[in-house]
Amino acid sequence: MATFSDPKADAAEAAEAVRGIAHALHAADHPRYVYDVLGELLSLTRRLTNVTGQLAGNIAHHQRLAADDTGNRQAGTDAAQSAIDGLREASAIFDQAETAMDRASQAASRIAWQDLPDVVLPRRFVSVVFLQGEDADRVLDTITLKGTDHAIEELAGHDFGDETVDAALENGYVYDRPPTGQLDRVATRDVYTMVYNSFIGHIGLYREHDALPDPVLLGIEEPPTHATPATDAAMPVQESSRADRLGTPRVSRPAYSTRANLRGLGA
């Protein structure tokens, strides 16, 4: 609290208060306070102009008492004059700062701060597999007999996690939404979208990029959590596959034969 009688103590308190402002501004998460803070800083700038002017006047008034540490009065007088010149220069700078602060305060008074609307990031889909001809007919029969959920679960066996995503990115099979034709039908389950056409005879499965399927929903088993048995020194150590290193989920369903070019992606 200001003493109004001890300039040294009041100056120390003012410096600490300005330090507190800097810390508070760093921690603030919304600019709604800007106008009020600028108003107070504008008042502070005006007072600093007055303070530096008063300091210069005080030194000038007592300049005859100035001396250096050895008692040399001429050296003290010269130092006092340098201090006066510096304070007058600072006073002029604070006067310019006051004008700039006033301009900033007036501009801030015209700002109506509003919260940004929630931004929904666009989803991207990667192609998991695309089948046509006899390969597609078999899955289309599954849709007729058991429904789309069973067909999606079956096609999910082609999803090899990061390997599927890498292949899609490399080949350009990434879409803002799964591609559909005029007669195509669409079904979704978890993070998968299936697009199929029983008349033309094709079916494709797409997964949301950077999304993992529900292990329980799709019958995916996590790798065993028990400790790996010690390696027999007499047996060669096999290098782990990329799927093992990446922790790609294992699908507990029998794989069916498909053409090699259908393993990854399609049009």
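The values are calculated or read from the model by the stated rules, or taken from the named source; none is laboratory data. In this text, all values refer to a predicted model and were calculated from it rather than measured experimentally. A quick note on method: Cβ atoms are made from the backbone with ideal geometry, for glycine too, and the neighbour counts reach across all protein chains shown.
Remarks
- Any hit, the stretch 109-129, residues being at pLDDT 90 or above, of a type in the set (A, V, I, L, M) and in a helix (DSSP H, G or I): no
- The residue list L48, L65 contains one member that is surrounded by 13 or more Cβ atoms within 10 Å (Cβ to Cβ) and either within 19 Å of D102 (Cβ to Cβ) or not charged (D, E, K, R) (or both), which is L48.
- Subset of the stretch 1-29 [in a loop (DSSP other than H, G, I, E, B) and farther than 18 Å from A104 by Cβ]: M1, A2, T3, F4, S5, D6, D29
- Against the list (1) in contact with a Gly (Cβ under 9 Å, 6 or more places away or on another chain); (2) more than 30 Å from L169 (Cβ to Cβ); (3) assigned to a helix (DSSP H, G or I); (4) of a type in the set (G, A, S), the condition A136 fails is (2).
- Apart from one condition, L169 fits all of (1) modelled with pLDDT of 90 or more; (2) farther than 30 Å from G39 by Cβ; the exception is (1).
- Complete set of residues in the stretch 139-159 that are modelled with pLDDT under 90 and outside any helix (DSSP H, G or I): D159
- Restricting the stretch 104-159 to residues that are basic (K, R) and surrounded by 11 or more Cβ atoms within 10 Å (Cβ to Cβ), the residue that is farthest from L48 (Cα to Cα): R138
- Qualifying positions in the stretch 74-93 - surrounded by fewer than 17 Cβ atoms within 10 Å (Cβ to Cβ) and in contact with a Gly (Cβ under 8 Å, 6 or more places away or on another chain): R88
- The listed residues are T70, T45, T52, T99, and the only one of them that is over 41 Å from the mean Cα position of the chain (by Cα), assigned to a helix (DSSP H, G or I) and β-branched (V, I, T) turns out to be T52.
Per-residue answers, yes or no, for (1) touching a residue at least 24 places away in the same chain (Cβ under 8 Å); (2) assigned to a loop (DSSP other than H, G, I, E, B); (3) aliphatic (A, V, I, L, M):
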residue	(1), (2), (3)
L38	yes, no, yes
Q74	no, no, no
A79	no, no, yes
S105	yes, no, no
